[in-house]
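Novice: If you scroll down you'll find the structure; I have some questions about it.
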Amino acid sequence: MISKQLLKLKQAMEQQDIQAYIIPTSDFHDTETAADYFAARKYFSGFTGSAGVLVVLIDKAALWTDGRYFIQAENELKDSGIDLMKQGMEGTPSIEDYIIQNLKNGQTVAFDGRTIGLNDARKYKASFEQANLQLRVDVDLISENWENRPEMPHAQTFYYSEKYTGRTIGQKLEMVRKEMKENKANTYVITKIDEVAWLYNIRAKDIENVPLPMSYALVTTKEAMLYINQSRLDEVSRAKLEEAHVQICDYDQIYDDVLKQDGPVLLDPSTCNSRIAMSISKTLVETMSPIITLKAIKNEVELESTKWAHIKDGVAVTKFMYWLKQNIGQIEIDEMSASKKLTQFRAQQENYIEDSFTTIPAYKENAAMMHYHAKEGNCAKLKPEGLFLVDSGGHYFEGTTDITRTFVLGDITEEEKYWFTKAMRSHIRLAKAHFLYGCHGYNLDILSRGPLWDQDMDYQCGTGHGVGHLSNVHECPNGFRWRIVPERNDSCVLEEGMLQSNEPGVYIEGKLGVRHENEYVVVKGTKNFYGQFMEFECLTWVPFDSLGIDSSLMTKDEIEWYNWYQNECYNKLAFALNPEEKAWLKEICKPL
């Protein structure tokens, strides 16, 4: 049955003679996790996954999402009148082809240009013009047709000290202007909130689990501007910005100011919203935003800081693991109560701010949905049997964490142990990688995916992603996947200082899900005649559950790595545990 909100939207389309309307997940800043104010795709479709595009036609609708959310989307879109389009699967049309196939010559496609990047807007424009369809890029059908829409975020900012960032605003502006000079640009448009936050050392709780303020920035050869709701700027940040000669401007003023700047103008066409980009008449320098790489390569202060964040997070997750093991079958625990307990353990750690994303607690077959979200009153009760996957993370002043552990709650089947071990082998093979400088993530992905491909299995998503520093838990431009996916922007050369998750898994619909995730930092290894070798230094320290391991399926060097890792977990975490927890940890960390 079509929802009343979707029917209302279709009526608004008919009134404006629009036959197709595109609603992406994005906000005005191409933020991966948008604030509730921008969750229009979720409001009109009912699909709660974090990736997807909704296309509404007068007589039908369709939603595109990727392999992480196929099962979830099938469940949430059932009987909604919205067709599921599985991106990357054979036979799935592109958004443009779908619209062209369903519209007639001269009919109109529309979207709000603030929510769609320049590259996508151009792609749509070219396709639709060729098909003789009209395109309007300035249509906001959301504001008037969303009843009880949440407020625009306006949390107070806080200054993120050089104690944790390692660089002042002035030093970062100097780095940025050097990049501008190399790109022969006089103006730099910055629309991504993580990039603005990095540049000006500011943070805010605008979005749950994403401590970044809604803001824009312009940097010229002589000036720097921050565009933000000024009433929410804290005094320390204001003073630091003024000290660095940064002009503080109203949030929407950028749409006027960008027209006045000298060219050439540098912007990232993949993320800059098309309303801003298409309004600029000066010469454009279109390239990946230089800040993406500058912030991805962590400095020494950031790295030392994040290492301590991971120790604290390791203590919290290990205490949770002990609590879970002691209480399963003794008290009632469900997916949501377990998730809340884990957050409580994190909150006990000094300088904890919030979780870095909504915890994914998935029991048994629920874990087959890679990004399953349990809901209060509608989630599985845990029993002393089977596998329990928990994907979680924390934001601390020292940094951001992301970890997945699959816990054995009691008896498990041979099949569950088999795939638990196979996924463990995949993790270890990538963790042990030694490679020449110049490798991209896609050069190394086979190390992880290989043990599963040998079994004609695949996990239908990337193997890992970059991680921000008190910022986005998913960060460009580094990552692991077996092929380049341009829109993901995660296929760069792996540079020293980049943080990288390693999270292979096995997902069998209706049966089980297993994932083993750690974070690593790219470091230099030996340099010799053949070149500079690189490797991964582990950041995450939480023991894997040895009850899921069948060591007969592992090679000698894999067992050696596993035993080394478990022993290191004990060495690094025991200081923060009570005697009972410490004795338990020593037992589960003993060699295979």
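Novice: Taking Cα pairs under 8 Å and at least six residues apart, what relative contact order does the stretch 383-464 come out at, in percent?
Specialist: Reported as a whole number, the value is 23 percent.
Novice: Considering only C-alpha atoms, what is the centroid distance from the stretch 28-61 to the stretch 318-363, in Å?
Specialist: 30
Novice: Any chance you could look up the accessible area of Leu444 with a 1.4 Å probe, heavy atoms only, rounded to 10 Å²?
Specialist: For Leu444, the solvent-accessible surface is approximately 10 Å².
Novice: Compute the angle between helix 556-573 and the longest alpha-carbon principal axis of the chain, please, reported from 0 to 90 degrees and rounded to the nearest 10.
Specialist: 80
Novice: Rounded to two decimals, what ratio of Rg to Rh does the stretch 200-281 give with C-alpha atoms and a Kirkwood Rh?
Specialist: Numbers: Rg = 13.5 Å, Rh = 13.9 Å.
On the Cα set of the stretch 200-281, Rg over Rh gives 0.97.
Novice: Treating only the Cα positions of the stretch 282-378 as identical point scatterers, give the base-10 log of I(q)/I(0) from the Debye formula at each q in 0.18 Å⁻¹.
Specialist: So the normalised log intensities are -0.96.
Novice: For Glu32, Glu580, write out the residues from largest to smallest accessible area, computed with a 1.4 angstrom probe and no ligands counted.
Specialist: The ordering from most to least exposed comes out as Glu580, Glu32.
Novice: Another one. Kindly sort His395, His434 by accessible area of their heavy atoms, largest first, with the probe set to 1.4 Å. Numbers along the way, then the final one.
Specialist: Values: His395 0, His434 130 Å².
Descending order: His434, His395.
Novice: Could you compute the net charge surrounding Leu342? Neighbours are other residues with a C-beta less than 12 Å from the C-beta of Leu342; K and R count +1, D and E count -1.
Specialist: The answer is +1.
Novice: Jot down the per residue volume, in cubic angstrom and as a whole number, of the convex hull over the alpha-carbon atoms of the stretch 300-459.
Specialist: 129
Novice: Normalise the Cα radius of gyration of the stretch 423-568 by 2.2 N^0.38 Å (N = residues in it) and let me know the number.
Specialist: On the way: Rg = 15.2 Å, N = 146, 2.2 N^0.38 = 14.6 Å.
It is 1.04.
Novice: Distance between the C-alpha centers of the stretch 228-287 and the stretch 159-227? Whole Å please.
Specialist: If we compute the Cα centre of each part, the gap is 10 Å.
Novice: With an 8 Å cut-off on Cα pairs and a minimum separation of 6 or more residues, tell me the relative contact order of the chain in percent.
Specialist: Once divided by the residue count of the chain, the mean separation gives 11 percent.
Novice: Taking the solvent-accessible surface of protein heavy atoms with a 1.4 Å probe, what is the per residue accessible area of the stretch 1-83 in Å²?
Specialist: 39
Novice: Using only the Cα atoms of the stretch 527-592, what are the Rg and Dmax in Å?
Specialist: 15.2, 51
Novice: Could you tell me what a quarter of the Cα convex hull surface of the stretch 110-214 works out to, in nm² with one decimal place?
Specialist: 10.0
Novice: Keeping every protein chain in place, order Val236, Val301, Val265 by accessible area at 1.4 Å, biggest value first, i.e. largest first.
Specialist: Numbers: Val236 85, Val301 60, Val265 0 Å².
Sorted descending by solvent-accessible area, the residues read Val236, Val301, Val265.
Novice: Where a Cα-Cα gap under 17 Å defines reach, which aspartates and glutamates qualify for Lys172, not counting those fewer than 8 residues away within the same chain?
Specialist: Those aspartates and glutamates meeting the cut-off are Glu162, Glu182, Asp194, Glu195, Glu223, Glu242, Glu243, Glu300, Glu302.
Novice: On to the next question. Among Val506, Asn299, Tyr37, pick out the residue whose Cα is farthest towards the positive end of the charge dipole of the chain, where Lys and Arg carry +1 and Asp and Glu carry -1 on C-beta, about the Cα centre.
Specialist: Sorting the options by dipole projection puts first Asn299.
Novice: For all pairs of alpha-carbon atoms in the stretch 500-549, what percent lies in each bin of width 10 Å, listed from the first bin to the last filled one?
Specialist: Values per bin, smallest distances first: 20, 35, 26, 15, 4, 0.
Novice: Distance between Cα centroids, the stretch 70-90 to the stretch 520-556: provide it in whole Å.
Specialist: Cα centres, the stretch 70-90 to the stretch 520-556: 37 Å.
Novice: A further question follows. Reported to two decimal places, what Rg/Rh ratio describes the stretch 1-129 when computed on Cα atoms with Rh from the Kirkwood expression?
Specialist: On the Cα set of the stretch 1-129, Rg over Rh gives 0.93.
Novice: Helix-only estimate, please: 222 nm mean residue ellipticity of the chain, summing -39500 (n - 2.57) across DSSP H runs of length 4 or more and dividing by its residues, to the nearest 500.
Specialist: -10000 deg cm²/dmol
Novice: For helix 118-130, report the angle its Cα long axis makes with the longest principal axis of the Cα atoms of the chain; keep it between 0 and 90° and round to the nearest 10°.
Specialist: Approximately 60 degrees, to the nearest 10.
Novice: May I pose another question? Report the charge-dipole magnitude of the stretch 260-383 in Debye, nearest 20, computed about the Cα centre from +1 at each Lys and Arg Cβ and -1 at each Asp and Glu Cβ.
Specialist: 260
Novice: While we're on this one: Placing +1 at every Lys and Arg Cβ and -1 at every Asp and Glu Cβ, with all other atoms neutral, what dipole size does the stretch 425-576 have around its Cα centre, in debye to the nearest 20?
Specialist: For the stretch 425-576, the charge dipole is close to 180 debye.
Novice: Using amide H atoms built 1.01 Å from N in the peptide plane, name the residues 5+ places from Ile207, or on other chains, whose amide H lies under 5 Å from its own.
Specialist: Those lying under 5 Å, H to H, from Ile207 are Leu212.
Novice: Any idea what % of Cα-Cα pairs in the chain are farther than 37 Å?
Specialist: 35
Novice: Follow-up. For Tyr396, enumerate residues with amide H under 5 Å from its amide H, sequence gap 5+ or separate chain, H modeled in the peptide plane.
Specialist: Placed amide hydrogens put Ile353, Thr401 under 5 Å from Tyr396.
Novice: To continue, here is another question. Ignoring ligands and nucleic acids, what accessible area does Met288 show with a 1.4 Å probe (Å², nearest 10)?
Specialist: The accessible area of Met288 comes to roughly 70 Å².
Novice: Moving on. Rounded to the nearest 10 Å², what accessible area does His154 have for a 1.4 Å probe in the complete protein model?
Specialist: 100
Novice: Given a 1.4 Å probe and every protein chain left where it sits, what share in percent of the accessible area of the stretch 490-529 is carbon and sulfur?
Specialist: Roughly 49 percent, rounded to a whole number.
Novice: Could you tell me which residue out of Ala73, Leu135, Ile95 lies farthest along the dipole of the stretch 49-135 toward its positive end? Charges go on the beta carbon: Lys and Arg +1, Asp and Glu -1, centred on the Cα centre.
Specialist: In the stretch 49-135, that residue is Leu135.
Novice: Hey, got the dipole for the chain? About the Cα centre, +1 on K and R Cβ, -1 on D and E Cβ, debye to the nearest 20?
Specialist: It works out to roughly 480 debye.
Novice: Using each residue's phi in the stretch 459-469, evaluate 6.51 cos²θ - 1.76 cosθ + 1.60 at θ = phi - 60° and report the 3J(HN,Hα) Karplus result to the nearest Hz, with x for Gly and Pro.
Specialist: Rounded to whole hertz, the list is 9, 6, 7, x, 8, x, 9, x, 10, x, 10.
Novice: Same structure, new question: Report, in degrees rounded to the nearest 10, the 0 to 90 angle that the Cα long axis of helix 169-182 makes with the longest principal axis of the chain.
Specialist: Helix 169-182 sits roughly 70 degrees off the main axis of the chain.
Novice: While we're on this one: List the residues whose amide H sits under 5 Å from the amide H of Lys298, counting only those 5 or more places along or on another chain, with H placed 1.01 Å from N in the peptide plane.
Specialist: Result for Lys298 returns Met498, Leu499.
Novice: Using only Cα atoms, figure out Rg for the stretch 142-299 and give it as a multiple of 2.2 N^0.38 Å.
Specialist: 1.03
The values are calculated or read from the model by the stated rules, or taken from the named source; none is laboratory data. Only a predicted model underlies this, so the values are computations on that prediction, with no experimental measurement involved. Positions of Cβ are generated from backbone atoms using ideal geometry, with glycine treated the same way; all protein chains shown enter the neighbour counts. The accessibility values were calculated without ligands, DNA or RNA, using every heavy atom of the protein model including side chains. Shrake-Rupley method; radii C 1.70, N 1.55, O 1.52, S 1.80 Å.
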